[in-house]
Amino acid sequence: MSSPHIFIISWAGQHHNAILIADKLAMDGWSVNIIYSDPDPTLTLVGPWISTKRPNDLFWADKFKACLENFHSNLMLVIHADTQCDDWSLLVKKCLETMDANSSIGVWAPLIDNTPFHVDKTTIAKIAQTPLHIVCQTDGIIFCLRSSIVDRMRQVNYSKNTYGHGIDFIFIAHTYSSGMLAIVDTSLPIKHASKRGYDSTDATNNMSEFLNEHFTFPEHSQHIILWSYWNSKYAARV
């Protein structure tokens with residue numbers, strides 16, 4: 001079985017939950033790193049895992065960059081701390097079973113609520129007799145990437161994209177343009193906070209410039225196809 005490097009993303013108000021998740025997964029024997037920020041310059045998170053503190057004025061993009069810099073395995077599993085799962089150990093187990101069983105899966109995610117990318121709008125096909133859906137898009141809330149996808153994401157400059165919107169668009173587009181699939185496991189429901197702590201308008205403006213700068217032509221072409229599919233499913237359900 002593969003050995004994932006697990007990253008818990010935390011910020012002010014989420015550290016308690018981050019520590020609970022990290023403690024559990026470290027106890028299971030996995031390599032765990034909490035990537036966090038906080039307005040208190042003296043705050044340090046300590047436990048049976050690695051912690052990496054980032055500037056508090058930066059958001060998801062900087063924390064994802066820290067994940068890339070610290071990653072040293074064949075699978076990267078990222079978990080935002082503002083999520084709730086009944087069994088984090090089971091989530092990691094099922095993620096690894098799915099990724100190990102099929103090398104054509106480049107991105108894996110559980111079933112997350114409070115996201116525009118719910119499976120009723122993103123499912124391309126269902127894998128028979130399994131809870132797995134092949135999807136056109138996932139959200140960057142909880143996800144697992146193969147090391148080849150991580151290598152691609154290391155080529156991206158995140159300095160102009162403070163909020164990190166569009167990171168998931170690039171890794172999904174790269175996955176499909178590389179001949180791999182993105183999968184959601186619907187047997188693993190995740191509760192996710194519905195509120196954001198920043199201006200979505202600024203985040204969207206950052207994203208447009210970010211994608212224009214970093215999409216390769218094959219990725220951009222694939223993104224247009226996937227996004228058109230999502231829009232058609234979204235329009236049919238509103």
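The values are calculated or read from the model by the stated rules, or taken from the named source; none is laboratory data. These numbers were taken from a predicted model, which means no experiment stands behind them. All Cβ positions, even for glycine, are placed from backbone atoms using ideal geometry, and neighbour counts span all protein chains on display. In case anyone asks, the SASA skips ligands and DNA or RNA and just uses the protein heavy atoms, side chains included. Shrake-Rupley method; radii C 1.70, N 1.55, O 1.52, S 1.80 Å.
How much length would be gained if the chain were fully extended between D87 and H72, taking 0.36 nm per residue of separation minus their Cα-Cα distance, in nm to one decimal?
Once the chain is fully extended between D87 and H72, it gains 2.9 nm.
How high is the relative contact order of the range 105-238, in percent, counting Cα pairs under 8 Å that sit 6 or more residues apart?
So the answer I get is 37 percent.
Take N231 and N114, extend 7 Å from each Cα along the Cα→Cβ direction, and tell me the distance between the two endpoints in nm.
2.9 nm
On a straight-distance basis, which aspartates and glutamates could pair with K65 in a cross-link, Cα separation under 15 angstrom, same-chain partners fewer than 8 positions away excluded?
D57, D151, D168
Ordered by residue, what ³J(HN,Hα) values in Hz, to whole numbers, does the range 125-140 give under the Karplus form 6.51 cos²θ - 1.76 cosθ + 1.60, where θ = phi - 60° and Gly and Pro are x?
Per-residue couplings from phi come out as 7, 9, 8, 3, 6, 9, x, 8, 10, 7, 10, 8, 6, 10, 9, x Hz.
Calculated from DSSP H runs of 4 or more alone, at -39500 (n - 2.57) each and per residue, what is the 222 nm mean residue ellipticity of the chain, nearest 500?
-12500 deg cm²/dmol
Quick one: Karplus J couplings for the range 42-53, per residue in order, coefficients 6.51, -1.76, 1.60, θ = phi - 60°, nearest Hz, x for Gly and Pro?
Here the 3J(HN,Hα) series is 8, 6, 9, 8, 10, x, x, 7, 8, 10, 10, 8 Hz.
Please give the per residue volume of the convex hull enclosing the alpha carbon atoms of the chain, rounded to a whole number of Å³.
121 Å³
In sequence order, what are the phi-derived ³J(HN,Hα) couplings for the range 166-175 according to the Karplus relation 6.51 cos²θ - 1.76 cosθ + 1.60 with θ = phi - 60°, rounded to whole Hz, with x for glycine and proline?
x, 4, 5, 4, 5, 6, 6, 4, 5, 4
Hey, rough spin-label estimate for D40 and D57, points 7 angstrom out along Cα→Cβ, what's it come to in nanometres?
According to this spin-label approximation, the distance is 2.2 nm.
Non-local amide H neighbours of G164 (under 5 Å, H modeled in plane, Pro and chain starts lacking H): which ones?
Residues meeting the amide H criterion: A61.
Please give every one of the aspartates and glutamates within straight-line cross-link reach of K93, meaning a C-alpha to C-alpha distance under 14 Å, and leave out same-chain neighbours fewer than 8 residues apart.
D28, D185
Return the aspartates and glutamates within reach of K121: Cα separation strictly under 14 angstrom, same-chain partners fewer than 8 residues apart disregarded; answer none if there are no such residues.
Output for K121: D113, D139.
Quick one: work out the % antiparallel among DSSP beta bridges in the chain, nearest 5.
Counting DSSP beta bridges with both partners in the chain, the antiparallel share is about 40 percent.
Let's test the formula: R0 of 45 Å, r as the Cβ-Cβ distance of T130 and L20. What FRET efficiency results, to the nearest 0.05?
0.95
In nanometres, what is the gap between the two model label sites at K191 and N212, each 7 Å from Cα along Cα-to-Cβ?
4.1 nm
Residues of the range 3-50: accessible area per residue at 1.4 Å, in Å²?
44 Å²
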